[in-house]
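For reference, the structure discussed in these notes is given below.
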Amino acid sequence: MSQSSEINLLNSEAPEARDTLYSVALFFMKNRIISIILGLLGGLLGAFLFTLIPTPEPTQEELIADFYNVETAVLVSPHGLRKSMMHGDNSFILVDVRSEEEYEREHIIGAVNIPAYKDPETSAYGDVERIVNSFQTLIEENPGKEIIVYCYSVPCMTGRKVGKMLVDHDIYVKELGIGWNEWRYDWNAWNHEHEWDNTQVEDYVFSGPEPGKYEIDPTEVEPCAIDNDLGC
């Protein structure tokens, strides 16, 4: 066979080869697309069926356990905190989230101020960046210390709103079990009866822009009879 005949034969076979390769590629592409579609449909079907599976209702015991787990994880006993202050415990930082004006008028001794109120009548919940950055700086400057917030009173939501704001930025703080009003004006309600005559609220509050420092000799007050987590 001459060289020109071989070239003509190859040219005549080339379209057939190209058509075959195209058909094979198209076959695999179709199968891949079908596989992807089936996979998506299977995932959607599985998710739908999962929603149909009834979630068992928590038992009363589980609900009670959850409640106490949350309460003890978040709330700090004011009596326990006062005893810690009395004995010079510096493992925590107390944060007053009331307005700067109210803080400077009077606050729990040793507390710093990161206000969530611009003034006594105006909240500053929108100042997220300032509040979050202030807590972040406080934590960085006090590594390993527990951060405890307090606001106006027991039903006050400011401390909780600040806590939620911080959680959204991976910052976790605890909350004092009472607010400023109970600490300052209802002293006997949360202190033990035998302490009423030898502890004075005036020793645990401070006025001005500085936190202040507790200075009374702890030996002047009788220690708690129970020295563990269930103690005073």
Would you call Asp119 under 18 Å from Pro209 (Cα atoms) and either surrounded by fewer than 15 Cβ atoms within 10 Å (Cβ to Cβ) or not assigned by TED's automatic domain parsing to the domain that holds Ala189 (or both)?
yes
Please determine whether any residue of segment 69-91 is modelled with pLDDT under 85 and in a helix (DSSP H, G or I).
no
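Can you tell me which residue among Val112, Val95, Val149 is closer than 30 Å to Thr199 by Cβ and in contact with a Gly (Cβ under 8 Å, 6 or more places away or on another chain)?
Working: Val112 fails: in contact with a Gly (Cβ under 8 Å, 6 or more places away or on another chain); Val95 fails: in contact with a Gly (Cβ under 8 Å, 6 or more places away or on another chain).
Within the list Val112, Val95, Val149, the selection yields Val149.
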I'd like the full set of residues that are crowded, with 17+ Cβ neighbours inside 10 Å and touching a Lys or Arg at 6+ places or on another chain (Cβ under 7 Å), limited to segment 77-96.
Phe92, Ile93
Go through the residues of segment 97-116 one by one and say whether even a single one is under 16 Å from the mean Cα position of the chain (by Cα), aromatic (Phe, Trp, Tyr) and buried (at least 20 other Cβ atoms within 10 Å of the Cβ).
no
Segment 122-138, residues that are of a type in the set (S, T, N, Q), part of a helix (DSSP H, G or I) and loosely packed, with under 14 Cβ neighbours inside 10 Å
Asn133, Thr137
Checking the structure you have, find out if any residue of segment 139-146 is buried (at least 17 other Cβ atoms within 10 Å of the Cβ), in a loop (DSSP other than H, G, I, E, B) and among the small types (Gly, Ala, Ser).
no
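The values are calculated or read from the model by the stated rules, or taken from the named source; none is laboratory data. No experiment lies behind these values; they were computed from the predicted model shown. Methodologically, a virtual Cβ is constructed for each residue, glycine included, from the backbone with ideal geometry; neighbour enumeration extends over all protein chains shown.
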